[in-house]
1. I need a count of the residues in the stretch 179-207 that are closer than 20 Å to V8 by Cα, assigned to a helix (DSSP H, G or I) and aliphatic (A, V, I, L, M).
2. Take the residues in the stretch 143-185 that are out of contact with any helix residue (DSSP H, G or I) (no Cβ under 9 Å at 6 or more places or on another chain) and open to solvent by less than 50 Å² (accessible area, probe 1.4 Å), then tell me which one is farthest from R211 (Cα to Cα).
3. Would you please name the residue that is nearest to D101 (Cα to Cα), looking only at residues in the stretch 14-28 that are of a type outside the set (A, V, I, L, M, F, W, C) and more than 7 Å from the ligand (Cβ to nearest atom)?
4. Which one of the conditions (1) without any contact (Cβ under 8 Å) to a residue 24 or more places away in the chain; (2) within 30 Å of L32 (Cβ to Cβ) does V144 fail to meet, given that it meets all the rest?
5. What number of residues within the stretch 186-219 satisfy the criterion of being within 21 Å of the chain's Cα centre (by Cα) and open to solvent by less than 60 Å² (accessible area, probe 1.4 Å)?
6. Which residue pairs have Cβ atoms under 8 Å apart, sit 6 or more places apart or on different chains, and have a first residue in the stretch 1-30 that is exposed (fewer than 15 other Cβ atoms within 10 Å of the Cβ) and a second that is assigned to a loop (DSSP other than H, G, I, E, B) and basic (K, R)?
7. Quickly run through the stretch 69-117 and pick out the residues that are closer than 20 Å to E172 by Cα and basic (K, R).
8. Could you tell me whether any residue of the stretch 104-123 is free of Cβ contacts under 8 Å to residues at least 24 places away in the same chain, surrounded by fewer than 21 Cβ atoms within 10 Å (Cβ to Cβ) and touching a Lys or Arg at 6+ places or on another chain (Cβ under 9 Å)?
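The values are calculated or read from the model by the stated rules, or taken from the named source; none is laboratory data. If you're wondering where the values come from, they're calculated on a predicted model, not measured in any experiment. Neighbour counts are summed over all protein chains in view; Cβ atoms, including those assigned to glycine, are modelled from backbone coordinates with ideal geometry. Heavy atoms of the whole protein, side chains included, go into the accessibility calculation; ligands, DNA and RNA do not. Shrake-Rupley method; radii C 1.70, N 1.55, O 1.52, S 1.80 Å.
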Amino acid sequence: MNVGVVLVAAGSGQRLAAGGPKALVELAGRTLLAHAVDALAAAGLRPPVVVHPPGARAAFEAALAGRPLAALVPGGDTRTASVAAGLTALPEDVEVVAVHDAARALMPPEVLRACVAALTAGVVALAPALPVADTLKRVDGEVVVATVPRDGLVGVQTPQVFPRTVLTEVIELALAAGQPATDDLALVEQALAAGRLTGRVVVVPGSVRGRKITFPEDLALAAAWLAADAADAADAADASDAGVGA
Ligand code: C5P
């Protein structure tokens, strides 16, 4: 199966308060966008279609200089419009599409690979997911209305993987109906519920490293992970030097 990747990075990043597109924020000397593109390459996936905020093409080109891309296209007002823009720029031979958030810049390559490999016969959409840790309450304003049992609940991440025909159809329907979604999997679930599609939507194990970088605290956490990785790598190099000398 030929797998294509749409890397959506057209969000404003207002919650990160970085004064520009979130994907161009630096983390340990590289932009979030570069981290995400490099992880896809490390997973052995084909160069992605990168969807940038309208008006930010030059800055994205500069941030990605030297990295192979399938295309660089402007996104839209909604995530669904941005995914649609990315889909149209995929090479024709692509049969399976992985939609990944640039904001999940540190999703490990092995999880990226496992997600793509999990699109087996009968699966029409999948996402990496993690169990929910917090107790969940439904509220009306400040008033607690119900406790939502945590059993069987997961939080989904990206990359979300689909047969190309399925994703193209549900995205077109959502845009035509004026009902975009912030989660691409949800569009497939709606098509299944409406009887327009058959198959299964499944989850595979996600990673805490795939946390979406949304708020400044998320960026600080990501920086701490990378610093710990660098310290581990330095320790391992020291140990191996000591081994060589012994
Ligand atoms: O806003 P949120 O954090 O949910 O966005 C998730 C991902 O979708 C981000 O990588 C963001 O850049 C992308 N996005 C997009 N186009 C939009 C809105 C979000 O590409 N209109």
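1. First, the residues of the stretch 179-207 that are closer than 20 Å to V8 by Cα: 179-188, 206-207.
Add one more test, that the residue is assigned to a helix (DSSP H, G or I), and what stays is 184-188.
After this cut, where a residue has to be aliphatic (A, V, I, L, M) as well, the list is 185-188.
Matching residues across the stretch 179-207 total 4.
2. Kept after step one, since they are out of contact with any helix residue (DSSP H, G or I) (no Cβ under 9 Å at 6 or more places or on another chain), are these residues of the stretch 143-185: 143-155, 163, 165, 176-178, 185.
Filter once more, keeping what is open to solvent by less than 50 Å² (accessible area, probe 1.4 Å): 146, 148, 155, 163, 185.
Values: A146: 27, V148: 22, G155: 10, P163: 25, L185: 17 Å.
The residue in question is A146.
3. Pass one, the stretch 14-28, residues of a type outside the set (A, V, I, L, M, F, W, C): 14-15, 19-22, 26.
From what's left, more than 7 Å from the ligand (Cβ to nearest atom): 14-15, 19-21, 26.
Details: Q14: 16, R15: 15, G19: 19, G20: 17, P21: 13, E26: 16 Å.
Here the answer is P21.
4. (2)
5. Start the filter on the stretch 186-219 by keeping residues that are within 21 Å of the chain's Cα centre (by Cα), which leaves 186-190, 200-219.
Those left that are additionally open to solvent by less than 60 Å² (accessible area, probe 1.4 Å): 186-188, 201-202, 204, 206-207, 210, 213-214, 218-219.
Matching residues across the stretch 186-219 total 13.
6. Listed pairs, sorted by first residue: N2/R46.
7. Correct list: R79 only.
8. Let us first name the residues in the stretch 104-123 that are free of Cβ contacts under 8 Å to residues at least 24 places away in the same chain, namely 117, 120-121.
Among the residues that remain, those that are also surrounded by fewer than 21 Cβ atoms within 10 Å (Cβ to Cβ) are: 117, 120-121.
Restricting the remaining residues to those that are touching a Lys or Arg at 6+ places or on another chain (Cβ under 9 Å) gives none.
No, the conditions are met nowhere in the stretch 104-123.
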